[in-house]
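Q: After the structure tokens below, expect a handful of questions from me.
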Amino acid sequence: MNIRLETASDIAGIRHVTHEAFNHRAAEVKLVELLRERCELTLSLVAEVDGEIVGHVAYSPMTIEGAPAAFKALGLGPLSVLPAYQRQGIGSALMRESLQQCTVLGYDAVFLLGHIEYYPRFGFQPASSFGISSDYDAGDHFMALPLRAGALASVQGKAHYTRAFVDCDG
């Protein structure tokens, strides 16, 4: 398996992986495309097996009301793996590599809406435990991961994804 940055020639493969991973729902495919079109796809990695794209992870900017101006946060999503390749460690490898890259790029925290059984293994905790909420009524499914010690110590308030997250449903 090879994990690398997305290139222009990967767009059709990413669309296919996302479409299949999310059971043919259009919203996640549209989300990735809107983020790309609006230059809000901050980090986009693909996983390849034998030259075929089998996984993808996307990150986009987030804001937290009242956060210091220097605070830099990303929203993770979607994370997609072709169904035939799920439960083989590809999603985990994409998570580890992408979180490492987010740290190297100088981001303070990552937020996501996701499965409470899956993401805690990477260190994610309910964002509410840090005093952070979101625009979605997601309870503990809205999670946060500080990328450095104390990164969320002085940040509390409502987190906002980019407009693409709203527009992808419309």
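The values are calculated or read from the model by the stated rules, or taken from the named source; none is laboratory data. Since we're looking at a predicted model, the values are computed, not measured. Please note: Cβ atoms are built from the backbone with ideal geometry, for glycine as well, and neighbour counts cover all protein chains shown. In case anyone asks, the SASA skips ligands and DNA or RNA and just uses the protein heavy atoms, side chains included. Shrake-Rupley method; radii C 1.70, N 1.55, O 1.52, S 1.80 Å.
Q: Where does the charge balance sit around I132 when Lys and Arg score +1, Asp and Glu -1, over other residues with C-beta under 13 Å from its C-beta? Spell out each step's value before the answer.
A: Details: positive: K158; negative: E65, D108, D135, D140.
Taking every other residue near I132 into account, the sum is -3.
Q: Can you give me the solvent accessible area of M1 with a 1.4 Å probe, rounded to the nearest 10 Å²?
A: Rounded to the nearest 10, that gives 130 Å².
Q: Ok, one more. Using alpha-carbon pairs under 8 Å, 6+ residues apart, how would you state the relative contact order of the stretch 87-165 in percent? It would help to have the intermediate numbers written out before the result.
A: On the way: 88 pairs, mean separation 26.0, N = 79.
With pairs under 8 Å counted, the relative contact order is 33 percent.
Q: Separate question: Of all the accessible heavy-atom surface of the chain, with the other protein chains kept in place and a 1.4 Å probe, what percent is carbon and sulfur?
A: Values: 4320 of 8310 Å².
The nonpolar share, carbon plus sulfur, comes to 52 percent.
Q: Let me ask another. For the chain, with every protein chain kept in place, what is the accessible area per residue (1.4 Å probe, Å²)?
A: Values: 8310 Å² over 170 residues.
For the chain, the solvent-accessible area averages 49 Å² per residue.
Q: May I ask for the equivalent-ellipsoid semi-axes of the stretch 107-148, computed as the square root of five times each C-alpha gyration tensor eigenvalue and listed largest first in whole Å?
A: Details: eigenvalues 42, 33, 12 Å².
The three semi-axes for the stretch 107-148 are 15, 13, 8 Å.
Q: How big is the gap, in Å, between the Cα center of the stretch 81-121 and the Cα center of the stretch 9-68?
A: Comparing the Cα centres of the stretch 81-121 and the stretch 9-68, I get a distance of 13 Å.
Q: If I take every Cα pair under 8 Å that is 6 or more residues apart in the chain, average their sequence separation and divide by the length, what percent do I get for the relative contact order?
A: 23 percent
Q: Set the Förster distance to 35 Å, then compute FRET efficiency between A12 and R148 from the Cβ-Cβ distance, nearest 0.05.
A: Rounded to the nearest 0.05, the efficiency is 0.45.
Q: Right, another one. If you take the C-alpha gyration tensor of the stretch 85-170, multiply each eigenvalue by 5 and take the square root, what semi-axes do you get, largest first, in whole Å? Each step should come with its number before you reach the end.
A: Numbers: eigenvalues 83, 64, 37 Å².
Ellipsoid semi-axes (Å, largest first): 20, 18, 14.
Q: With contacts defined as alpha carbon pairs under 8 Å and 6 or more residues apart, what's the relative contact order of the stretch 44-112 in percent?
A: On the way: 95 pairs, mean separation 23.5, N = 69.
Averaging sequence separation for qualifying contacts and normalising by length gives 34 percent for the stretch 44-112.
Q: As a test of reading the structure, rank T162, T63, T7 by solvent-accessible area (1.4 Å probe, protein chains only), most first.
A: On the way: T162 20, T63 85, T7 60 Å².
Solvent-accessible surface, decreasing: T63, T7, T162.
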